[in-house]
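Just so you know, all these numbers are worked out from the coordinates, no wet-lab data involved. Fair warning: this is a prediction, and the values are worked out from it, not measured in the lab. Backbone-built Cβ (ideal geometry, glycine too); neighbour counts: all protein chains shown.
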Ligand code: GUN
């Protein structure tokens, strides 16, 4: 029987650890505040932003939200970021993505001070990850590392296949698995013989963005499967990139959707906020 990797439980465990650490820092007069910026009113982004603010309240740090009109100009957004960079009370700045069309996402990300870049998206933090230096790490891949570690799943020496090469998930995920001494393959939409490539994986991490794309024919018997996808099917039920029911009987461990990777992103965002608050650049997640 496959083990279900319980992201809901593990994320709660992490948030409870952070809550204690925030209380401890509070006794030294250190407080935290995350600035969350949303441009426009994309409903999915609004849900994420609300959940991030709720998590801040839970662990005991403040949050400030900036809900900007979708017609806000890029220069107005850059001005706000500049103001928040200079504000000593703010230790973390997060700009919810995607931004409205016409805004240069890279320019906006680069405007955030790397010391306050709790999303880990700034090229300085990405470069630090590549070079094995301390820095903030993108939250979803950092959360997946925690899922594996806290489920006692060893990565060293294993064949790990990551499907997806986004800046937010696929690329940092591959680097983190390399840091854990896995042998890493990055697969993507142009990969030839994707099925055969996936079948070699001891650990298969799927961030392909297509509902239930990965069926049992892609998975090695006894593999560990991590599903980053989240979609709503025709009956309005949540599902991932993996056909859970079909794959489950063949694997050693698997993350469910919902309740797998999803809750980990916010837990690791809180981790990064607490590191920023303690003015310590994290060395490892
Ligand atoms: N949009 C989707 N995922 C993320 C994330 O992790 N951070 C931000 N800022 N925007 C996102």
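Taking just the alpha carbons, could you work out the radius of gyration and Dmax for the stretch 81-185, both in angstroms?
Spelled out, the Cα radius of gyration and Dmax of the stretch 81-185 are 15.3, 46 Å.
Need one number for the chain: average projected area of the convex hull over its C-alpha atoms, nm².
14.8 nm²
Measure nothing but the geometry: give the 0 to 90° angle between the long axis through the Cα atoms of 7-27 and the longest principal axis through the Cα atoms of the chain, rounded to 10°.
30 degrees
Projected area of the stretch 213-259, taken from the Cα convex hull and averaged over every viewing direction, in nm²?
3.1 nm²
Evaluated at 37 °C with a viscosity of 0.692 mPa s, what Stokes-Einstein diffusion coefficient in µm²/s does the stretch 1-123 have when Rh comes from the Kirkwood expression over alpha-carbon pairs?
It comes out at roughly 208 µm²/s.
If we sort 21-34, 247-260 on the protection proxy, mean other Cβ atoms within 10 Å, highest first, what's the order?
Per-residue Cβ counts within 10 Å, averaged per peptide and sorted highest first, yield 247-260, 21-34.
Tell me what the chain gives for mean residue ellipticity at 222 nm when only DSSP H runs of n ≥ 4 count, each as -39,500 (n - 2.57), the sum divided by the residue total, rounded to 500 deg cm²/dmol.
Mean residue ellipticity at 222 nm (helix-derived): -12500 deg cm²/dmol.
Could you work out the mean projected area of the convex hull around the alpha carbons of the stretch 166-285, in square nanometres to one decimal?
Over every viewing direction, the Cα hull of the stretch 166-285 projects on average to 8.4 nm².
If you bin every alpha carbon distance in the stretch 47-95 into 5 Å steps from zero, what whole percent lands in each bin?
4, 17, 27, 22, 19, 9, 2
To test your reading of the geometry: what angle, between 0 and 90 degrees and rounded to tens, separates the Cα axis of helix 74-86 from the longest principal axis of the chain?
Helix 74-86 and the main axis of the chain meet at about 80 degrees.
Any idea what angle helix 43-59 forms with the longest principal axis of the chain, computed on alpha-carbon atoms, 0 to 90 degrees, nearest 10?
Taking the Cα atoms of the chain, the angle to 43-59 is about 70 degrees.
Give the Cα extents of the stretch 69-134 along the principal axes, in whole Å, largest first.
39, 28, 15
Taking 0.36 nm per intervening residue step and subtracting the Cα-Cα distance, what contour gain separates residue 192 from residue 82 on full extension?
35.1 nm
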